[in-house]
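Right, one structure below, let's go through it.
The values are calculated or read from the model by the stated rules, or taken from the named source; none is laboratory data. Just so it is clear, the structure is predicted and the values come from calculations on it, not from any experiment. Neighbour counts are summed over all protein chains in view; Cβ atoms, including those assigned to glycine, are modelled from backbone coordinates with ideal geometry. SASA here: full protein model, heavy atoms, side chains in, ligands and nucleic acids out. Shrake-Rupley method; radii C 1.70, N 1.55, O 1.52, S 1.80 Å.
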Amino acid sequence: MTETLSTEKTISKIDPALNLRQEILKLKKELNAVILAHYYQESEIQDLADFIGDSLQLAQNAEKTDADVIVFAGVHFMAETAKILNPNKLVLLPDLNAGCSLAEGCPADLLLKFKNQNPGHILISYINCSADVKAISDIICTSSNAVKIVEQIPKDTGIIFAPDKNLGNWVMKKTGREMKMWQGACIVHETFSAKKIFELKLKHPNAKLIAHPECEEQVLKNADFIGSTSSLLNFVITDSSKEFIVATEPGILHQMELKAPGKKLIPAPPESSCACNECPYMKLNTLEKLYLCMRNKKPEVTLDEEIRKKAYLSLKRMLEMSK
Ligand code: 13P
Ligand code: SF4
């Protein structure tokens, strides 16, 4: 809270005449930094990034970068993943409060208890979790490789899947594997209203419904295509349809508009008339905070080395299994 207040104060002191875009590009050169951004970031941040991707692509990019500094325009677990892979690099996150409801709803001590109640099971954790959870997990997955990873687990081995029950249930359906599920969910993807989407479909009969697997079953069962943010983008680019109802965080629409010009994109509506289809954590990052974190070389993401080493093993296993 004190940190938040002091950041707000510093932001108000930024010279309004400053061209933030130019300053960020200048700092990027000075620091030999790379800016990695997730698709849910504000468009102006995406436009400045060296690389925009889904969680898997961002981790793969963080693994191979030779920059000295990684500036992560995303949420905390993503920057933490970059730090797990790069213990000797400076990893900056514009706002340390950029969390994730999935990571917050799955404390490592409770998950460990659940794991111990199911001996002989392997624990597959969705990358949207803390480093502490990664450290007690056997394998990490993302929405783009979860099916591929579960399919590689021997049939006679029990699986615990955490923390996203919606992604987990979708993977169970796709693979036919039973999994013991942690009951977590994404506050953004759970907000989409199946009823309102149905009404939209009536108004736009030619529109295809595309959805992220973090959405609830009622939405997923009517979807024409389900996939990670990068696969949704790819679907819009390559599919012959001209209209799409997009059931994921609307930040992705920016790249869809750029890469598939002329296609009509309709963001899926939330239950109430709020803006709760926008991820409040992702949107904590602003151009001002991006500039400040690079200028001040903080906030920095740090990790206990013992936890990092353990988390590295489950993450590395995922990277190997996704090849
Ligand atoms: P992907 O970008 O991996 O599809 O994940 C979406 C998400 O919710 C990230 O927090
Ligand atoms: Fe977490 Fe959902 Fe935000 Fe992704 S969209 S960071 S899963 S709260």
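Details
- Checking each residue in the range 106-121 for being open to solvent by less than 40 Å² (accessible area, probe 1.4 Å) and either closer than 16 Å to Lys165 by Cβ or not in a helix (DSSP H, G or I) (or both) picks out Cys106, Leu111, Asn118.
- Count - residues of the range 87-105 that are open to solvent by less than 20 Å² (accessible area, probe 1.4 Å) and either part of a helix (DSSP H, G or I) or of a type in the set (Asp, Glu) (or both): 2
- Single residue of the range 228-287 satisfying the filter (among the β-branched types (Val, Ile, Thr) and open to solvent by less than 50 Å² (accessible area, probe 1.4 Å)) that is nearest to the chain's Cα centre (by Cα): Thr229
- Yes/no for Ile84 being assigned to a helix (DSSP H, G or I), open to solvent by less than 20 Å² (accessible area, probe 1.4 Å) and more than 16 Å from ligand 1 (Cβ to nearest atom): yes
- Residue that is nearest to ligand 2 (Cβ to nearest atom) [pool: residues in the range 171-183 that are surrounded by fewer than 24 Cβ atoms within 10 Å (Cβ to Cβ) and not in a loop (DSSP other than H, G, I, E, B)]: Met181
- Consider the range 130-146 and keep the residues that are touching a residue at least 60 places away in the same chain (Cβ under 8 Å), farther than 13 Å from Trp170 by Cβ and assigned to a helix (DSSP H, G or I). The one that is farthest from the chain's Cα centre (by Cα) is Ile136.
- Being within 18 Å of Asn169 (Cβ to Cβ), more than 16 Å from ligand 1 (Cβ to nearest atom) and aliphatic (A, V, I, L, M) is a property that Leu123 has.
- Note on the range 30-68: residues that are among the polar types (S, T, N, Q) and within 16 Å of ligand 2 (Cβ to nearest atom) total 4.
- Scanning the range 234-265 for residues that are among the aliphatic types (A, V, I, L, M) and either assigned to a loop (DSSP other than H, G, I, E, B) or under 23 Å from His189 (Cα atoms) (or both) yields Val236, Ile237, Ile245, Val246, Ala247, Ile252, Leu253, Met256, Ala260, Leu265.
- Helices (runs of 4 or more DSSP H) fully within the range 1-80 counting 3 or more residues that are at pLDDT below 95 and more than 16 Å from ligand 1 (Cβ to nearest atom): 2-12
- Matching entry among Leu202, Leu111 (being hydrophobic (A, V, I, L, M, F, W, C) and in contact (Cβ under 8 Å) with a residue 24 or more places away in the chain): Leu111
- Odd one out for Ile149 among (1) within 17 Å of the chain's Cα centre (by Cα); (2) within 16 Å of ligand 1 (Cβ to nearest atom): (1)
- Pair list, Cβ under 6 Å, 6 or more apart: the range 90-101 residue more than 11 Å from Lys283 (Cα to Cα) and among the hydrophobic types (A, V, I, L, M, F, W, C), other residue modelled with pLDDT of 95 or more and within 15 Å of ligand 1 (Cβ to nearest atom): Val91/Ala79; Val91/Ala82; Leu93/Phe72; Leu93/Ala79; Cys100/Val75; Cys100/Phe77; Cys100/Asn128; Cys100/Tyr281
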